[in-house]
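Participant: What follows is a single structure, and I will ask about it in a moment.
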Amino acid sequence: MLQTLSQSTLPPFLPQIAEGRVITQPHVRFCSATFSREGYSDALFSQLGIMLPQSLHSAVEKRRAEYLAGRWCCHRLLAVQGVAGDVTRGLKDRAPRWPAGIYGSISHADNRAIAAAVYADKPWRIGIDVERFNPKVMQDIASEIVDDKELACLRQRPGDPLLSVLLAFSAKESLYKALWPEVRAFFGFDAAALVAVKAGIFTLSLRRALAPRLPAGLCFNGVWRYNAPFITTLICAPL
C-alpha cells in the first residue's frame, strides 16, 4: 500500500501534492499531484525547469498540462534521490527514459498525475497507473477487461463490483507498463488474469509467455489504493 509522508502545494498549477513510499518496499517512492488546467501556462515549463518536447508543441493544452504535471512529479522523485538528469521521452515509443540507475513509471488521469521510482543498481520492473472511477464506462467495457473466472474472484471482494472491474483494469495497465521494457510489443488485457485481491494487494498471473523471462504462469503482486474517485495501482519488483 502507498503511504503519504508529506503534502504541499505549488499554486496555482499544482494545488495538491503528496509524496510518500510503498509500505512494503519503502525504498520505492511516489509523488502525486492534482493539477489545475486554469492555472496552467506554457511558461511553467521553463519556470519549473522541464523541457516541452517538440512533439507536444501542437498538442491541446490539456495534454501539455498533464505532461508537465507528470514530469514535475518525476523531478521531485529524482531530487529525493539526489540524481541529476531528466526524464525524457522516447522518440519511437514515447515511453519515459529515466536517468541511469533509476527505474520508474508515470501515469495521469483527468486532473491527477503520479509517478513512482526506485534507485537501484539492478533493473526493476515498475509500472504505476491512476484511473478515475466511471461506473458507466466500467459497465460497458467489463467483458473486455475480465472473464467469468476473474469476475468470480472480484465478487469475493466487498463493495461496488464495478469498482472491482476498475481495479482489474488499472492493475493490468500497471503490468503493461512494468513489462514493456522487456516485451516491447502490445499485449491486451487477456494476457494476464487477476487471481487474487485483498485489502490493498492484488496478484496477476500471465496466461501466456510474453518474453523469455516472462513465462506463462508467472505471477506479479501489486498494491492498490482507492481515494474516491481515483484508484491507483502499482507493480514493482526487481528482475
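Participant: If you roll a 1.4 Å probe over the heavy atoms of the protein chains, what accessible area per residue do you get for the chain, in Å²?
Facilitator: For the chain, the per-residue accessible area is 49 Å².
Participant: Using a Gaussian network for the chain with springs between C-alpha atoms less than 10 Å apart, which of these wobbles most: Ser205, Ser174, Ser58?
Facilitator: Ser58
Participant: Could you tell me how many degrees, from 0 to 90 and to the nearest 10, lie between the Cα long axis of helix 61-81 and the main elongation axis, the longest principal axis, of the Cα atoms of the chain?
Facilitator: Rounded to the nearest ten degrees, it is 90.
Participant: Work out the FRET efficiency for Lys149 and Phe186 from their Cβ-Cβ distance, taking R0 = 22 Å, and round it to the nearest 0.05.
Facilitator: Result of the calculation: an efficiency of 0.40.
Participant: In percent, what relative contact order does region 1-82 have, based on Cα pairs under 8 Å that are 6 or more apart in sequence?
Facilitator: Across region 1-82, relative contact order equals 23 percent.
Participant: For Phe202, what is the net charge nearby, where nearby means another residue's Cβ is under 13 Å from its Cβ and Lys, Arg count +1, Asp, Glu -1?
Facilitator: Combined, the nearby Lys, Arg, Asp and Glu give +1.
Participant: Shifting gears a bit: When the helices in the chain are scored as -39500 (n - 2.57) per DSSP H run of 4 or longer and the sum is shared across all residues, what 222 nm value do you end up with, to the nearest 500 deg cm²/dmol?
Facilitator: The helix-only estimate for the chain comes to -9000 deg cm²/dmol at 222 nm.
Participant: If you don't mind, there's one more thing I want to ask. Given the options Pro158, Pro15, Pro99, which has the most mean-square fluctuation in a GNM of the chain, springs set between C-alpha atoms less than 10 angstrom apart?
Facilitator: Pro158
Participant: Could you order Arg89, Arg155, Arg132 by accessible surface area, starting with the largest, using a probe radius of 1.4 Å?
Facilitator: Ranking Arg89, Arg155, Arg132 by accessible area, largest first, yields Arg155, Arg132, Arg89.
Participant: What are the residues whose amide H is under 5 Å from the amide H of Val28, where those residues sit 5 or more places off or on another chain and H is modelled from the backbone?
Facilitator: Val22
Participant: Here's something else I'd like to know. How much of the accessible area of region 1-145, probe 1.4 Å, is carbon plus sulfur, in whole percent?
Facilitator: Carbon plus sulfur share of accessible area: 51 percent.
Participant: May I pose another question? Taking the alpha-carbon centroid of each part, what is the distance from region 101-138 to region 1-67 in angstrom?
Facilitator: 12
Participant: Which aspartates and glutamates, if any, have their Cα less than 18 Å from the Cα of Lys122, not counting same-chain residues under 8 positions apart?
Facilitator: The reachable aspartates and glutamates, counting only those whose Cα sits under 18 Å from Lys122, are Glu182.
Participant: Debye sum, Cα scatterers, the chain, no solvent: what log₁₀ I/I(0) at q = 0.07, 0.16 1/Å?
Facilitator: -0.22, -1.20
Participant: If you don't mind, there's one more thing I want to ask. Under 26 Å from the Cα of Lys136, which lysines turn up, not counting those fewer than eight places away in the same chain?
Facilitator: Within the straight-line limit of under 26 Å, Lys136 reaches these lysines: Lys62, Lys149, Lys172, Lys177, Lys198.
The values are calculated or read from the model by the stated rules, or taken from the named source; none is laboratory data. Everything quoted here is computed from the prediction, not taken from an experiment. Cβ atoms come from the backbone with ideal geometry, glycine included; neighbour counts cover every protein chain shown. SASA here: full protein model, heavy atoms, side chains in, ligands and nucleic acids out. Shrake-Rupley method; radii C 1.70, N 1.55, O 1.52, S 1.80 Å.
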